[in-house]
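The values are calculated or read from the model by the stated rules, or taken from the named source; none is laboratory data. Here the structure is a predicted model, which means the values were calculated and not measured. A quick note on method: Cβ atoms are made from the backbone with ideal geometry, for glycine too, and the neighbour counts reach across all protein chains shown. The area values use the complete protein model at the heavy-atom level, side chains included, leaving out ligands, DNA and RNA. Shrake-Rupley method; radii C 1.70, N 1.55, O 1.52, S 1.80 Å.
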Amino acid sequence: WGDGAPLDTGWVGRHRFLSPTPVRVRQCVTNNLFCQTCTDHYPLGYPNGLAEELAASVSVYPNPSATGVFAVRTGAEVGAHLSVFDGVGRHLWQGPATTPETRLDLTAQPPGLYLLRLTWPDGRTVTKKLLR
């Protein structure tokens, strides 16, 4: 797939990079009726330093939190979807981050380690550890 070799179906996979670095890929599928579907995604990861820069732009405080209430600051990177998981990976809560600072209330959860995953519409993700 993607190297131009014919597939078992007879279709030919093609790809083109939208940026000078192999970061964002536009995948287009065309059938014999000239219908085309395109998808942008990040299959090769982020360019050097971008993942660290994105992770550094997200802060959670206070951490640890004695009360279970956290403030999640995403800075200019609004629009993320938040998901909280407990220490064994059970999904506990999800919601949007529609402002640069979102209040996260885990007061109903017992003290322990939690994971907060932020996912943006373009597929970028950041995971933070929370200690309650």
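The number of residues in the stretch 91-132 that are over 21 Å from residue 54 (Cβ atoms) and among the charged types (D, E, K, R) comes to 3. Restricting the stretch 67-78 to residues that are open to solvent by 40 Å² or more (accessible area, probe 1.4 Å), farther than 12 Å from residue 125 by Cα and within 19 Å of the chain's Cα centre (by Cα) leaves a set whose member that is modelled with the highest pLDDT is 73. Here residue 38 clears all of (1) modelled with pLDDT under 70; (2) surrounded by 11 or more Cβ atoms within 10 Å (Cβ to Cβ); (3) not aromatic (Phe, Trp, Tyr) except the condition numbered (2). The residues of the stretch 80-95 that are exposed (fewer than 14 other Cβ atoms within 10 Å of the Cβ) and not aliphatic (A, V, I, L, M), listed by number, are 87, 89, 90, 91, 94, 95.
When every residue of the stretch 99-114 is checked against the conditions, at least one turns out to be among the hydroxyl-bearing types (Ser, Thr, Tyr), modelled with pLDDT of 80 or more and out of contact with any strand residue (DSSP E or B) (no Cβ under 9 Å at 6 or more places or on another chain). For the stretch 55-65, filtered to residues that are over 13 Å from residue 117 (Cα atoms) and touching a residue at least 24 places away in the same chain (Cβ under 8 Å), the residue that is surrounded by the most Cβ atoms within 10 Å (Cβ to Cβ) is 65. The sole residue among 43, 121, 64 that is at pLDDT 90 or above and either out of contact with any Asp or Glu (no Cβ under 7 Å at 6 or more places or on another chain) or in a helix (DSSP H, G or I) (or both) is 64.
In the stretch 92-107, the residues that are in contact (Cβ under 8 Å) with a residue 12 or more places away in the chain and closer than 13 Å to residue 62 by Cα form Cβ pairs under 7 Å with partners that are open to solvent by less than 60 Å² (accessible area, probe 1.4 Å) and among the hydroxyl-bearing types (Ser, Thr, Tyr), at six or more places apart or across chains, as follows: 106/114.
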